[in-house]
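Trainee: Please find one structure pasted underneath; my questions will follow.
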Amino acid sequence: MPKTLLHLDSSPMGEVSVSRHLTAEFVKNWKDANRDGTVVVRDTTISAIPPVDAAWVGAVYTPEAALTAAQRETLALSDTLIAELIAADEYVIGVPMHNFGISSTLKLWIDQIARVNKTFSYATGSPVGLLTGKRATILIASGGSYDAGTVMASYNHVEPYLRTVLGFLGVTDVTVLAAGGAAALNRGADRQTFLEPHVAAVRAQFQPA
Ligand SMILES: Cc1cc2nc3c(=O)[nH]c(=O)nc-3n(C[C@H](O)[C@H](O)[C@H](O)COP(=O)(O)O)c2cc1C
């Protein structure tokens with residue numbers, strides 16, 4: 001059965017983005033491993049994702065059959081983004097650390113895809129994620145390093161947050177690769193040398209264990 005990969009980028013830094021370089025490497029390897037697969041690209045920096053507002057929340061909690069045309073329009077982008085998640089078998093998500101958390105456009109995307117009875121449910125009283133059977137790889141780039149066990153580890157709100165929110169939506173098979181220390185690039189470090197171990201870590205995901 002041919003597979004589908006959702007390739008999501010959220011760095012505003014275009015060609016100099018570290019996370020975009022790594023997601024591109026992931027996609028290249030994924031295509032080699034899935035010759036008949038499909039890659040769907042979603043870029044949160046160009047998708048003009050609006051913040052949720054009262055109209056959006058009202059529409060979300062209106063029964064499907066009672067939705068007005070205007071409410072359907074309000075939910076249209078959310079519907080599209082959720083359909084992309086449901087259709088894909090795998091996700092690769094490029095994430096720049098901004099102010100110890102995720103980028104603002106990635107947060108806008110998350111607010112659109114976390115939807116009751118679409119991607120999660122409280123029907124049984126406790127939360128159940130509805131995006132099951134998915135695999136996600138998160139590629140994080142940060143200026144500093146936040147390795148486990150270091151003083152800075154507790155400043156990292158990217159990995160714990162994304163694991164929480166993806167897990168809440170049912171995505172529990174999550175691999176995180178972190179490219180910390182990218183600030184060295186601003187101090188003149190060689191880009192190729194910096195990227196090399198992180199590119200190798202991405203490639204290693206496709207090598208047999
Ligand atoms: C607005 C902004 C905020 C940032 N905040 C942090 C931060 O809190 N911690 C950190 O280690 N690096 C921070 N950085 C550095 C980025 O994480 C680093 O440049 C990383 O490479 C971003 O990923 P990208 O290259 O894919 O855009 C920040 C960069 C920008 C532009």
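The values are calculated or read from the model by the stated rules, or taken from the named source; none is laboratory data. A quick note: this is a predicted structure, and the numbers were derived from the prediction, not measured. Because the Cβ atoms are built from the backbone with ideal geometry, glycine has one as well, and the counts that use them run over all protein chains shown.
Trainee: Out of all the residues in segment 149-164, is one or more assigned to a loop (DSSP other than H, G, I, E, B) and at pLDDT below 95?
Mentor: Checking segment 149-164: at least one residue is assigned to a loop (DSSP other than H, G, I, E, B) and at pLDDT below 95.
Trainee: Hey, can you tell me all the residues within segment 1-35 that are assigned to a helix (DSSP H, G or I), away from the ligand (no atom under 16 Å from the Cβ) and touching a strand residue (DSSP E or B) at 6+ places or on another chain (Cβ under 9 Å)?
Mentor: Within segment 1-35, Trp30, Lys31 qualify.
Trainee: Among the residues of segment 81-94, which ones are more than 16 Å from the ligand (Cβ to nearest atom) and either out of contact with any helix residue (DSSP H, G or I) (no Cβ under 9 Å at 6 or more places or on another chain) or not in a helix (DSSP H, G or I) (or both)?
Mentor: Scanning segment 81-94 gives Ala83, Ile86, Ala87, Ala88, Asp89, Glu90, Tyr91.
Trainee: Report the residue count in segment 143-169 for those that are within 13 Å of the ligand (Cβ to nearest atom), surrounded by 15 or more Cβ atoms within 10 Å (Cβ to Cβ) and of a type in the set (A, V, I, L, M, F, W, C).
Mentor: Qualifying residue count for the region: 1.
Trainee: Right, here's the next one. Could you check segment 129-142 and list, in sequence order, the residues that are β-branched (Val, Ile, Thr) and surrounded by 20 or more Cβ atoms within 10 Å (Cβ to Cβ)?
Mentor: Result: Thr137, Ile138, Ile140.
Trainee: Still on this model: For segment 95-106, check the following and say yes or no: at least one residue is within 13 Å of the ligand (Cβ to nearest atom), free of Cβ contacts under 8 Å to residues at least 24 places away in the same chain and either outside any loop (DSSP other than H, G, I, E, B) or surrounded by 14 or more Cβ atoms within 10 Å (Cβ to Cβ) (or both).
Mentor: Residues of segment 95-106 that are within 13 Å of the ligand (Cβ to nearest atom), as a first pass: 95-106.
So of that shortlist, the ones also free of Cβ contacts under 8 Å to residues at least 24 places away in the same chain come out as 98-99, 104.
Checking which are either outside any loop (DSSP other than H, G, I, E, B) or surrounded by 14 or more Cβ atoms within 10 Å (Cβ to Cβ) (or both) leaves us with 98, 104.
There is at least one residue in segment 95-106 that is within 13 Å of the ligand (Cβ to nearest atom), free of Cβ contacts under 8 Å to residues at least 24 places away in the same chain and either outside any loop (DSSP other than H, G, I, E, B) or surrounded by 14 or more Cβ atoms within 10 Å (Cβ to Cβ) (or both).
Trainee: Hey, another quick one. What number goes with the only condition from (1) modelled with pLDDT under 95; (2) crowded, with 19+ Cβ neighbours inside 10 Å that Ser126 does not pass?
Mentor: Here Ser126 meets the rest and fails (2).
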